[in-house]
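The values are calculated or read from the model by the stated rules, or taken from the named source; none is laboratory data. Note that the structure is predicted; figures quoted are calculated from it, not measured. Ideal geometry is used to build each Cβ from the backbone, glycine not excepted, and the neighbour counts take in all protein chains shown. We work out accessible area using only protein heavy atoms, side chains counted, and drop any ligands, DNA or RNA first. Shrake-Rupley method; radii C 1.70, N 1.55, O 1.52, S 1.80 Å.
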2 protein chains.
Amino acid sequence: MKICVAQLEIIPGEPELNTNKILAAIDKAESEGADLLVTSEMSIPGYLIGDNWERLQFIDECERYGEDIIRATRDKHIAVIFGNIAKFDNTQNEDGRVRKSNMAILAANGEILGTQIKTLQPNYREFDDNRHFYDKRKLSQSFDSDTRDTYTNSVFTVNGVKIGMLLCEDGWNADYPLNPIEYFETKPDLIVNISCSPFTSGKNNKRHRIFAKNAIAQQIPILYVNNVGVQNNGKNIFTFDGGSCIYDKQGNIRDFYELFEEATEIFDIDLISLFENTAPILAEDIGALYQAIEYGARRFMESHGITKVVIGVSGGIDSCLVTAIMSRIVKPENLYLINMPSEFNSKTTISIAEELHKSLGCKYYSIPIGASVELTQTQIRDAFGEELSEFSLQNVQARDRSSRILSAIAQHVGGVFTCNGNKSELTVGYCTMLGDLSGFLAPIADLWKTQVYEMAEYFNQNIHNIIPEEVFTIVPSAELSATQNVDEGKGDPIIYKYHDKLFASWVEKWDRSTPEDFLEWLQEGNGVVEKNLGLDFELISLFSTKEDIIADLERWWNLYNGLAIAKRIQSPPLISVSRRSFGFDLRESQMKAHYSRRYYELKKAILG
Amino acid sequence: MKICVAQLEIIPGEPELNTNKILAAIDKAESEGADLLVTSEMSIPGYLIGDNWERLQFIDECERYGEDIIRATRDKHIAVIFGNIAKFDNTQNEDGRVRKSNMAILAANGEILGTQIKTLQPNYREFDDNRHFYDKRKLSQSFDSDTRDTYTNSVFTVNGVKIGMLLCEDGWNADYPLNPIEYFETKPDLIVNISCSPFTSGKNNKRHRIFAKNAIAQQIPILYVNNVGVQNNGKNIFTFDGGSCIYDKQGNIRDFYELFEEATEIFDIDLISLFENTAPILAEDIGALYQAIEYGARRFMESHGITKVVIGVSGGIDSCLVTAIMSRIVKPENLYLINMPSEFNSKTTISIAEELHKSLGCKYYSIPIGASVELTQTQIRDAFGEELSEFSLQNVQARDRSSRILSAIAQHVGGVFTCNGNKSELTVGYCTMLGDLSGFLAPIADLWKTQVYEMAEYFNQNIHNIIPEEVFTIVPSAELSATQNVDEGKGDPIIYKYHDKLFASWVEKWDRSTPEDFLEWLQEGNGVVEKNLGLDFELISLFSTKEDIIADLERWWNLYNGLAIAKRIQSPPLISVSRRSFGFDLRESQMKAHYSRRYYELKKAILG
């Protein structure tokens, strides 16, 4: 049997576009002799559409488009597996609305040949499946039956091949009390897993391990079909990387495409035993993150019709990398670099910004902020009879750049401006609200500062060598006061080589660590802190005493759990690429930073 | 038996504070002869703490504080029912972390006498229970049993009284396939429902109906104990109104306190048959919303140590109401009213702002924006050789006020500044990012503009008559250009008496309506649009033709589903009081505005 894998770009909330794309793929596959076309989960509605799942008419609409696809198999030889939302009239979801499920549909000869409802629904990170969908476990229960006894998955025959269908998380069974693949009523010849699965650092290699293991254990080949595109939940833009592939009974993998590319390919299921393990081990390096970020920014902007981008370029590494990324997406004549010097900006950084502009041939403007900052100082002095503090003045400068100049230019040219912030800054709120924290999109806000450097180097070496070398040698600095003079080597208070690792342990580790963990490690000694954080230097080399280490720990923990949350609530959307990104992925409440009783005991024990 | 109802203020993420408060209440109740003290759900950890539920050490900590409470009943006569998080070591939640549940604990004589795990977990609106907690239904399943057959709730005896425990949503069973109150192994003499239930418009009267109905049906009195305080999930600040009360077998209700107040009261369960129905029918009017907003703003600010507030007062109704609310919370000397006139601000509105300041005796400054706006114009002209458009200039003014002046003043005086936006503006993005949309808190952003007027009137009549009468008579206007001259009656493009109702049908209706619904109503004729939206005038009186009605509909629908979402992603936290508020309560993705096929058919049919 010949199967066409249709790895399509799915646009969330655009059922008509998605359906037309699937219909075209069906025609093409039929004409090329395919017996079955498989496309991805939720291929008609999209997946990350927020509470639009509550809109009954949208669901109706998606069901009608689904019927178009089913009808399209009439008078055709080809069968089709696709994903859609399905609602069950006269039944109730637990939010009081009509019950609906995430469904795989097998259609042939103009009719539904079989369906499958998702059993395992993710409710962690960005996922909210239980909020909207009734899973197969609840459904079994609602029929007054015991899920474990009566729960079975049907098998459907296409061209003599017995096919079992599963949906996405059903194949990622490691954390659930049941494994849907074990519940088929008869042994299928092929499992088809349709997915709508976003890219995350390291995800695909993990999938290869779990899916290959299941294929070997069940002695059934598994076909995985995922979509490409971008979908968002407001705060987070997720990229969908495709990566459709087949796992044979020996766990060999054959993948079909480059990641992040739309494609259809026909293969013969009878010949898969002849495949070699042709899947490359997927890189989990900075290049993989770069690919996701460039793709995410491009498709997000295209989907909003954005063609002109304004970037505030200070001449630091963050604005250089954002400029580099945007230079791949918009034309030079639509890329506006704006340098906004004050008395504190060095010739060094200004010349980096100028050099960058020359390499790219894009637009460049220098608009100083001095007069405006002075005006604000004067107005405050006149009103209050007092001078703004140095710290206040730093923020006045940052806000002047973004809220006064960049916003006005973006609107004037009919474009948008970027937020160039990184994850290190966002973690502890080392950024100014209405200042450098603002923008339509924060493309690198899910990268630690050390990763920003790594990606800039990667860009120069692999994409386009345009980021001036000097930016890699100067100290990172906000250049908002004389105390942040880069030429004197003065800069940010964050020691990135250490704090990036410390912050990552708070944010990205699966069991996110706390100061209590840290003090346990510190008390243990013997390099346990360094080992657990992955430091390649001794921590004490950065601090004079353990008092200093602990004071530093508390300073950043308080900020991370304090003011930084207030800032993140109002921060721009970011492109999520890490194992845990701020926003809807890591849900936060404004509360006081918490230290446990055990923390205080440890602190006392360590400091004596 | 004498029961002490402890309606306490619970601070999320502060287990030590909460525990100490409960311990003090136990001592007091024991000394006053109570046999049982009941306090609220999750009374140790709090409830809206985001993904802090993942922090194992925090859970450990809460369990240890729970042990303190259990130990406190040793050598005492009194028993205690309280709520806490409970984790089950060596078991797995479906996010791969350790399994944990929302638990009610009955402690007596220094030991746990009984526990109950929440069965029904809300996953709509702001609630994410399944993300974190393993409910009793799943737990039953995981023991390889059928929930319906083996699922029972234990009954525990205190002083000869058989008590059944339930948690919050367990009592709100209307939308679930089972009603936990029906599953007690023996008939209790008393059901204790401990809750952590936020205020929502109309909620308490609905609770009275459902709880009283259950009490009558089961012929068991139900004691409801809820906490007070504020808890947030970042975007939304929810108020908890307490409202603890008892429902007797006849459905009579006796409530114990004023809403939003901390209190403990002892009553004799044997005497409840003597109660009359003493619960007032709770007002669902603007006064109830005012109470929630003032309480929410006050407790949110107090919990962040905020004592100084800066308000941009244009002299419009929104800034007048926000000032009025804040005047109840901060001292006059800590309240800074800032009027920021341009050439477009009328003497009328400026004099309203001045009058307001005089009535309150607070601080007042007039800081004009002309020079800064001119500077921005000049800098753009110099750089681009072009003039800013009138629309661009409007936004330059709005941003100058908030991002340049209010931010600088707030930081200078060591305070914060407010966002005075309302829900009508937020729905369609009639506001400027980095301008009037910014601020630390948007206290009235869950009120429609028509409600803002209503609340301002309520404030004058019931709280403090200080909002100048003239503000009720002028047309609402942004005063950002000559086309918005209030003295000439020119103002906002939103027709609030109509659009507030239209927008509410899109946002707040349980089954949120769409343009398709609207066209169905329009086609039906006979005042169906007016009836469904609750208009007290004929829609056609506002528009010349049906074309105009539909063009207007599409204009706002496109904004609501388009640019306004981008704005809401970066908007400040708001106090949620309605049946559906923007933020975490209504989850949104940036997508294209969707119109169904049926919509286009209807439009064609109507316009011919």
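Take the residues in region A:8-36 that are open to solvent by 60 Å² or more (accessible area, probe 1.4 Å), under 20 Å from A:ILE78 (Cβ atoms) and of a type in the set (Asp, Glu), then tell me which one is nearest to the other protein chains (Cβ to nearest Cβ).
The qualifying residue nearest to the other protein chains (Cβ to nearest Cβ) is A:ASP27.
Can you report the number of residues in region B:425-460 which are in contact with a helix residue (DSSP H, G or I) (Cβ under 6 Å, 6 or more places away or on another chain), in a helix (DSSP H, G or I) and under 24 Å from B:GLY562 (Cα atoms)?
So the answer is 4.
Quickly run through region B:554-608 and pick out the residues that are within 28 Å of the chain's Cα centre (by Cα), open to solvent by 40 Å² or more (accessible area, probe 1.4 Å) and among the aliphatic types (A, V, I, L, M).
Within region B:554-608, B:LEU559, B:LEU563 qualify.
Scan the strands (runs of 3 or more DSSP E) fully inside region B:122-228 and keep the ones with 3 or more residues being within 22 Å of B:GLN7 (Cβ to Cβ).
Details: elements: B:155-158, B:161-167, B:190-194, B:222-225.
Qualifying strands (runs of 3 or more DSSP E): B:161-167, B:190-194, B:222-225.
Regarding B:ASP129, is this residue surrounded by fewer than 17 Cβ atoms within 10 Å (Cβ to Cβ) and within 14 Å of chain A (Cβ to nearest Cβ)? Walk me through how you get there before you give the answer.
Numbers: surrounded by fewer than 17 Cβ atoms within 10 Å (Cβ to Cβ): no; within 14 Å of chain A (Cβ to nearest Cβ): yes.
When the stated conditions are applied, B:ASP129 does not pass them.
Just checking, how many residues over region A:279-319 are within 30 Å of A:PRO341 (Cα to Cα) and of a type in the set (S, T, N, Q)? Explain how you work it out, then say what you get.
Narrowing region A:279-319 to residues within 30 Å of A:PRO341 (Cα to Cα): A:290, A:293-294, A:297-298, A:301, A:306-319.
Still in the list and also of a type in the set (S, T, N, Q): A:307, A:314, A:319.
Total meeting the criteria: 3.
Being crowded, with 24+ Cβ neighbours inside 10 Å and of a type in the set (Ser, Thr, Tyr) is the filter; apply it to region A:229-269 and report the residue that is nearest to A:ALA6 (Cα to Cα).
Among residues in region A:229-269 that are crowded, with 24+ Cβ neighbours inside 10 Å and of a type in the set (Ser, Thr, Tyr), the one nearest to A:ALA6 (Cα to Cα) is A:SER244.
Name the pairs: first residue in region B:366-380 and more than 7 Å from chain A (Cβ to nearest Cβ) and closer than 10 Å to A:ARG404 by Cβ, second residue assigned to a helix (DSSP H, G or I) and open to solvent by less than 40 Å² (accessible area, probe 1.4 Å), Cβ to Cβ under 8 Å, at least 6 apart or on different chains?
B:VAL373/B:LEU393; B:VAL373/B:VAL396; B:VAL373/B:GLN397; B:VAL373/B:ASP400
Please indicate, with yes or no, whether at least one residue in region A:170-177 is of a type in the set (D, E, K, R) and in contact (Cβ under 8 Å) with a residue 40 or more places away in the chain. Quick ask: steps written out before the conclusion?
Restricting attention to region A:170-177, the residues satisfying the condition of being of a type in the set (D, E, K, R) are A:170, A:175.
Going one step further and asking which of them are in contact (Cβ under 8 Å) with a residue 40 or more places away in the chain, we end up with A:170.
Checking region A:170-177: at least one residue is of a type in the set (D, E, K, R) and in contact (Cβ under 8 Å) with a residue 40 or more places away in the chain.
The rows are residues; the columns are (1) closer than 30 Å to A:GLU601 by Cβ; (2) within 14 Å of chain B (Cβ to nearest Cβ).
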{"residue": "A:GLU470", "(1), (2)": "no, no"}
{"residue": "A:LEU480", "(1), (2)": "no, yes"}
{"residue": "A:GLN484", "(1), (2)": "no, no"}
{"residue": "A:LYS490", "(1), (2)": "no, no"}
{"residue": "A:PHE518", "(1), (2)": "yes, yes"}
{"residue": "A:GLN523", "(1), (2)": "yes, no"}
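From B:PRO188, B:PRO180, which residue is within 19 Å of B:MET103 (Cβ to Cβ) and either of a type in the set (Gly, Ala, Ser) or in contact with a helix residue (DSSP H, G or I) (Cβ under 8 Å, 6 or more places away or on another chain) (or both)? Even if it seems obvious, please write down each step before you answer.
Working: B:PRO188 fails: either of a type in the set (Gly, Ala, Ser) or in contact with a helix residue (DSSP H, G or I) (Cβ under 8 Å, 6 or more places away or on another chain) (or both).
Exactly one of B:PRO188, B:PRO180 is within 19 Å of B:MET103 (Cβ to Cβ) and either of a type in the set (Gly, Ala, Ser) or in contact with a helix residue (DSSP H, G or I) (Cβ under 8 Å, 6 or more places away or on another chain) (or both), namely B:PRO180.
Where in region A:1-103 are there strands (runs of 3 or more DSSP E), lying wholly inside it, with at least 2 residues that are more than 23 Å from A:CYS168 (Cβ to Cβ) and not acidic (Asp, Glu)?
Output list reads A:79-92.
Quick check on my filter: what residues within region B:372-406 are exposed (fewer than 15 other Cβ atoms within 10 Å of the Cβ) and not in a helix (DSSP H, G or I)? So that I can check it myself, show each step before the final result.
Of region B:372-406, the ones exposed (fewer than 15 other Cβ atoms within 10 Å of the Cβ) are B:374, B:378, B:381-382, B:385-387, B:389-391.
Passing the criteria: B:GLY385, B:GLU386, B:GLU387, B:SER389.
For region B:427-446, which residues satisfy the criterion of being within 21 Å of B:ALA292 (Cα to Cα) and facing another protein chain (nearest Cβ under 10 Å)? Outline the logic, then answer.
Our first condition is that a residue be within 21 Å of B:ALA292 (Cα to Cα); within region B:427-446, this holds for B:439-446.
Within region B:427-446, B:GLY439, B:PHE440, B:LEU441 meet the criteria.
Considering (1) in contact (Cβ under 8 Å) with a residue 60 or more places away in the chain; (2) closer than 27 Å to A:PHE127 by Cα; (3) in contact with a Leu (Cβ under 8 Å, 6 or more places away or on another chain), say which one A:ALA25 fails and leave the rest.
(2)
Can you tell me which residue is surrounded by the most Cβ atoms within 10 Å (Cβ to Cβ) among those in region A:328-346 that are touching a residue at least 40 places away in the same chain (Cβ under 8 Å) and within 30 Å of A:LYS490 (Cα to Cα)?
At the first step, the residues of region A:328-346 found to be touching a residue at least 40 places away in the same chain (Cβ under 8 Å) are A:328, A:334, A:336, A:338, A:340, A:342, A:344-346.
Retained after the next criterion (residues that are within 30 Å of A:LYS490 (Cα to Cα)): A:336, A:338, A:340, A:342, A:344-346.
Working: A:TYR336: 27, A:ILE338: 23, A:MET340: 25, A:SER342: 17, A:PHE344: 18, A:ASN345: 23, A:SER346: 19.
Here the answer is A:TYR336.
Looking at B:ASN532, B:ASN420 in this structure, which one is open to solvent by 10 Å² or more (accessible area, probe 1.4 Å), more than 30 Å from A:PHE440 (Cα to Cα) and more than 14 Å from chain A (Cβ to nearest Cβ)? Show your work before the answer.
Values: B:ASN420 fails: more than 30 Å from A:PHE440 (Cα to Cα).
Sole residue among the options that is open to solvent by 10 Å² or more (accessible area, probe 1.4 Å), more than 30 Å from A:PHE440 (Cα to Cα) and more than 14 Å from chain A (Cβ to nearest Cβ): B:ASN532.
Which residue is farthest from the other protein chains (Cβ to nearest Cβ), if the candidates are limited to region B:535-585 and must be over 24 Å from B:GLN231 (Cα atoms) and in contact with a Lys or Arg (Cβ under 7 Å, 6 or more places away or on another chain)?
B:LEU535
Pairs only if they're at least six apart or on different chains, beta carbon under 7 angstrom, first in region B:58-69 and over 21 Å from B:ARG97 (Cα atoms), second assigned to a helix (DSSP H, G or I) and of a type outside the set (A, V, I, L, M); list them, first residue then second.
Short answer, once both residue conditions are applied: B:TYR65/B:PRO15; B:TYR65/B:GLU16; B:TYR65/B:THR19; B:ASP68/B:THR19; B:ILE69/B:THR19.
For A:ASP436, which of the numbered conditions (1) at pLDDT 95 or above; (2) farther than 23 Å from A:SER392 by Cβ; (3) charged (D, E, K, R) fails to hold?
Result: A:ASP436 fails condition (2) only.
For region A:73-96, give me each residue that is of a type outside the set (Ser, Thr, Tyr), more than 30 Å from B:LEU120 (Cα to Cα) and more than 35 Å from the chain's Cα centre (by Cα). I'd like the intermediate steps shown before the answer.
So in region A:73-96, the residues of a type outside the set (Ser, Thr, Tyr) come out as A:74-90, A:92-96.
From the residues that got through so far, the ones that are more than 30 Å from B:LEU120 (Cα to Cα) too are A:74-82.
Those that are of a type outside the set (Ser, Thr, Tyr), more than 30 Å from B:LEU120 (Cα to Cα) and more than 35 Å from the chain's Cα centre (by Cα): A:ARG74, A:ASP75, A:LYS76, A:HIS77, A:ILE78.
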